[in-house]
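Asker: Mind looking over this structure? Questions follow.
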Amino acid sequence: MRFMTIYKPGEETTTPPTQEHIAAMGKFIEELAKSGVLIQTDGLQHSSKGARVRLNADGTFKITDGPFTEAKEVIGGYAIIDVKSKAEAIELTKRFLKVAGGGESEVREMHDQPAYDARSASPSQFADAAQARLQQEATR
Amino acid sequence: MSDVNRAIDAVWRIESPRLIAGLARITGDVGLAEDLAQDALVAALERWPQTGVPDNPGAWLMATAKHRAIDMHRRSKRIERKHEQIGHELDAQQEMSVSDLDAALDDDIGDDLLRLMFTACHPVLSQEARVALTLRLLGGLTTDEIARAFVVPEATVAQRIVRAKRTLSEARVPFEVPRGSDRDARLSSVLGVIYLVFNEGYSATAGEDWVRPALCEDALRLGRILAELSPNEPEVHGLVGLMEIQASRLRARTGPKGEPILLLDQDRGKWDQLLIRRGLAALARAEQLGGARGPYALQAAIVACHARARTADETDWERIVALYDALAELTPSPIVELNRAVAVSMAYGPALGLELVDALRSEPALRSYHLLPSVRGDLLMKLGRHGEAKPEFDHAASLTRNSRERELLLERSRKAAAGISGAQ
């Protein structure tokens, strides 16, 4: 069964994560990859770089540039995991949140067919990419 | 199942391979390690419903299993050599806190898992025993799940596992990753077991029991673990690439009524792009490591040709023929030849393909293989020789054991018959 876990940190800070935090997260992701369950994961950049696009009932679009004000709802990252049960997805999410140090994750089972394309990478490359992303944010 | 029991089940799936692997290193005995791990699970099932799942369930299970080992060690006066070893290690570690223990274990977990894989797939065991033991110890599957997946009685699987553990113990198989000249043969045994599990699931995707197709996921998980633990082995990445790409088509392989849909007729929009990309990346890794000509990497390269083609017409059949040439040279087999004949017919026309297929008709290994007459029927149809095609489809239908496939073949037989009357 494939699940997507969507992480909401609960607050959007501009303070870079500490080296310890980066290292701990890197190690967690590496272990996830080593247990064979991690399909893909990534963190998202600050919502000030993003936008919301809405289709109104009258057929017009409304584009709202970030940052998004309701920080509780802002998504910080996601992971796609292949596990045997929802309970297993929840257990792994608990472990992730402990390493993340707070916030909330939504755990959602995916339909058979992922609706989007992912970039190509091996599990270790995912771990590397996530770490690189954290570092990139740290140096911004 | 209550929430706590579900949580325990999940923790067991996540932790049991590392738990058993760690205990096997300490005790040097895979069977004993699994018994100790099971005891810890039983203790968790007793305690956690009252106390809740502990903060670090993996460490809790490990500490419990070790205490259990100490008890056994103290109680038994007739100590075996192995138990003495446990005693030494455990005495030294008794003073450690749970978190220390966890950290100490963490260092070696990757190596331990790799040792466990090589041990479970040891050539001293029969192929069936290797499969059962690997799924049980590394896949975290229950005996019942393994039995259902392979459509054999549960008692048979239980027996197989007990015997396998005894064999390993009696043969004093060391708990280690083989080095030197032995390594390649041992690695291909591990790869063979994983691929067998995958194929068992892949060929059963039209089955009624979800446990069978789930074997594909189990095999993929095992392959991904192996790829992480031995990142420099090209054939490991070749196998993972092959499985990822094959699995990408799982959902397109059957129609709404469970009927099989052949590769070239599949809706490519249903192919799982995420798995395809992972598969292509794994194949690229195998090639970077200099393993493009390994048997798994070659097969991965063949399925990659299909995965890269946006439509069936865009398939690079000439490249597929070349890859089959290489595969036939490396691992000659009539099945490879048959596949090669299909590729040749697509690249260079049905007449050439038919020549190759006809040469295989006297092959004893293919005498009861339904795909031989099925392919021959297809080629004859393409050449407009409907009258000759019909008996081939009928023959193929009589050979297959899969009822869905039989229906498909009989339908083609009817089409061939219609073709005959249409031509008249």
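The values are calculated or read from the model by the stated rules, or taken from the named source; none is laboratory data. Model, not experiment: these values are computed from the prediction. We place every Cβ from the backbone using ideal geometry, glycine too, and count neighbours over all the protein chains shown. Note: areas computed on protein heavy atoms with side chains; ligands, DNA, RNA excluded. Shrake-Rupley method; radii C 1.70, N 1.55, O 1.52, S 1.80 Å.
Asker: Calculate the spin-label point distance for B:Ser421 paired with A:Ile75, positioning each point 7 Å from the Cα along the beta-carbon direction, and give it in nanometres.
Answerer: 5.6
Asker: Now a separate question. Taking each residue in B:282-295, count the Cβ atoms of any other chain within 10 Å of its Cβ, then average. What number comes out? Don't skip to the end; give the middle numbers.
Answerer: Working: counts 4, 0, 2, 3, 0, 0, 0, 0, 0, 0, 0, 0, 0, 0.
For this peptide, the per-residue mean of nearby foreign Cβ atoms is 1.
Asker: Please compute the per residue accessible area over the range B:109-230 with all protein chains in place, 1.4 Å probe, rounded to a whole number of Å². Please report the intermediate quantities before stating the final value.
Answerer: Numbers: 4750 Å² over 122 residues.
Per-residue value: 39 Å².
Asker: If you don't mind, another one. For the peptides A:7-19, A:75-87, what is the packing order when you average, over each peptide's residues, the other Cβ atoms within 10 Å and list the highest mean first?
Answerer: In decreasing order of mean packing, A:7-19, A:75-87 become A:75-87, A:7-19.
Asker: If you roll a 1.4 angstrom probe over the protein chains with everything in place, what fraction of the accessible area of chain B belongs to carbon and sulfur, to the nearest %? Could you put the intermediate results ahead of the total?
Answerer: Numbers: 9630 of 19450 Å².
Ligands and nucleic acids excluded, carbon and sulfur give 50 percent.
Asker: Separation between the B:Glu388 and B:Arg404 pseudo-spin-labels, each 7 Å from Cα along Cα→Cβ, expressed in nm?
Answerer: Each label point is offset 7 Å from its Cα along the Cβ direction, giving 3.2 nm.
Asker: Still on this structure, please answer the following. Once B and A are treated as a pair rather than alone, how much accessible area drops out, both sides summed, in Å² to 100, probe 1.4 Å? Spell out each step's value before the answer.
Answerer: Values: alone 20880 and 9280 Å², together 27290 Å².
Its buried surface, counting both partners, is about 2900 Å².
Asker: If you place +1 on the Cβ of every Lys and Arg, -1 on the Cβ of every Asp and Glu, and leave all else neutral, what size is the dipole of the range B:368-424 about its Cα centre, to the nearest 20 Debye?
Answerer: 60
Asker: Select from B:Thr315, B:Leu45, B:Val177 the residue farthest towards the positive end of the dipole of the protein assembly as shown; place +1 on Cβ of Lys and Arg, -1 on Cβ of Asp and Glu, and compute about the Cα centre.
Answerer: Of the candidates, B:Thr315 comes out farthest on the positive side.
Asker: Give the relative contact order (percent, whole number) for chain B; include only Cα pairs under 8 Å separated by 6+ residues.
Answerer: Values: 556 pairs, mean separation 38.9, N = 424.
Dividing the mean separation by the residue count of chain B yields 9 percent.
Asker: What accessible area, in Å² to the nearest ten, does a 1.4 Å probe give for B:Trp271?
Answerer: Its accessible surface works out to 10 Å², give or take rounding.
Asker: Give me the net charge of B:Pro178's neighbourhood, meaning all other residues with Cβ under 11 Å from the Cβ of B:Pro178; Lys, Arg count +1, Asp, Glu -1.
Answerer: With Lys, Arg at +1 and Asp, Glu at -1, the neighbours total +1.
Asker: Next question. For the protein assembly as shown, give the magnitude of the charge dipole about the Cα centre (Cβ charges: +1 Lys/Arg, -1 Asp/Glu; no others), in debye to the nearest 20. Mind showing how you got there, number by number?
Answerer: Working: 72 positive and 81 negative charges, 187 e Å.
Result for the protein assembly as shown is approximately 900 debye, rounded to the nearest 20.
Asker: Hey, another quick one. Take A:Ala51, project a point 7 Å from its Cα along the Cβ direction, then tell me which residues of the range A:58-75 have their backbone nitrogen under 16 Å from it.
Answerer: Counting only backbone N, you get A:60-68.
Asker: Could you work out, residue by residue across B:219-228, how many beta carbons of other chains sit within 10 Å of that residue's beta carbon, and then give the average as an integer?
Answerer: On the way: counts 0, 3, 6, 1, 1, 10, 6, 1, 6, 12.
Going residue by residue through B:219-228 and averaging, the value is 5.
Asker: Further question: Would you mind computing, in nm to one decimal, how far apart the modelled labels at B:Leu263 and A:Gln19 are, each placed 7 Å from Cα along Cα→Cβ?
Answerer: 5.2
Asker: So for the protein assembly as shown, taking the charge dipole from beta-carbon charges (+1 Lys/Arg, -1 Asp/Glu), which of A:Val99, B:Leu239, B:Leu226 sits furthest toward the positive end?
Answerer: Highest projection toward the positive end goes to B:Leu239.
Asker: Moving to a separate point now. Sorted from largest down, give the three principal axis spans of the alpha carbons of the range B:114-255, whole angstrom values.
Answerer: Result for the range B:114-255: principal-axis Cα extents of 49, 38, 18 Å.
Asker: Same structure again: So for B:Met62, A:Met110, B:Met346, what's the accessible-area order with a 1.4 Å probe, most first? Mind dumping the intermediate values first?
Answerer: Values: B:Met62 5, A:Met110 40, B:Met346 65 Å².
Descending order: B:Met346, A:Met110, B:Met62.
Asker: I would also like to ask the following. Residues of the range B:1-40 that become at least 30 Å² less accessible with every protein chain present than in their own chain isolated, using 1.4 Å: which are they?
Answerer: B:Ala10, B:Arg13, B:Ile14
Asker: With N set to the residue count of the protein assembly as shown, report its C-alpha Rg divided by 2.2 N^0.38 Å to two decimal places. It would help to have the intermediate numbers written out before the result.
Answerer: Working: Rg = 26.6 Å, N = 564, 2.2 N^0.38 = 24.4 Å.
The protein assembly as shown yields a ratio of 1.09.
Asker: Beta carbons within 10 angstrom, averaged per residue: use that to sort the peptides B:330-339, B:238-247, highest first.
Answerer: Highest to lowest by the protection proxy: B:238-247, B:330-339.
Asker: Please give the peptides B:117-127, B:294-304, A:46-56 ranked by average Cβ packing (other Cβ atoms within 10 Å per residue), highest first, as a rough proxy for protection. All intermediate terms of the calculation are to be shown ahead of the outcome.
Answerer: Details: B:117-127: 20.3, B:294-304: 25.1, A:46-56: 11.4.
With the highest mean Cβ count within 10 Å placed first, the list reads B:294-304, B:117-127, A:46-56.
Asker: Using the alpha-carbon atoms, what tilt in degrees (0 to 90, nearest 10) does helix B:30-51 show relative to the longest principal axis of chain B?
Answerer: In chain B, helix B:30-51 runs at an angle near 70 degrees to the longest axis.
Asker: Roughly how large, in nm² to one decimal, is the mean projection of the convex hull of the alpha-carbon atoms in the range B:274-383? It would help to have the intermediate numbers written out before the result.
Answerer: Values: hull surface 29.6 nm².
Mean projected area of the Cα convex hull: 7.4 nm².
Asker: For chain B, with only Lys/Arg (+1) and Asp/Glu (-1) charged at the beta-carbon, what is the dipole magnitude about the Cα centre, in debye rounded to 20? Write out the running numbers ahead of the final one.
Answerer: Working: 54 positive and 61 negative charges, 194 e Å.
With Lys and Arg at +1 and Asp and Glu at -1, about 940 debye.
Asker: Report in % the part of the accessible area of the range A:1-69 that belongs to carbon and sulfur, leaving out ligands and nucleic acids; probe 1.4 Å.
Answerer: 57
Asker: Size of chain B along its principal axes in angstrom, Cα-based, largest extent first?
Answerer: That gives 89, 46, 38 Å along the principal axes, largest extent first.
Asker: Expressed as an acute angle from 0 to 90° and rounded to the nearest 10, what is the orientation of the C-alpha long axis of helix B:98-120 relative to the principal long axis of chain B?
Answerer: For helix B:98-120, the angle is close to 40 degrees.
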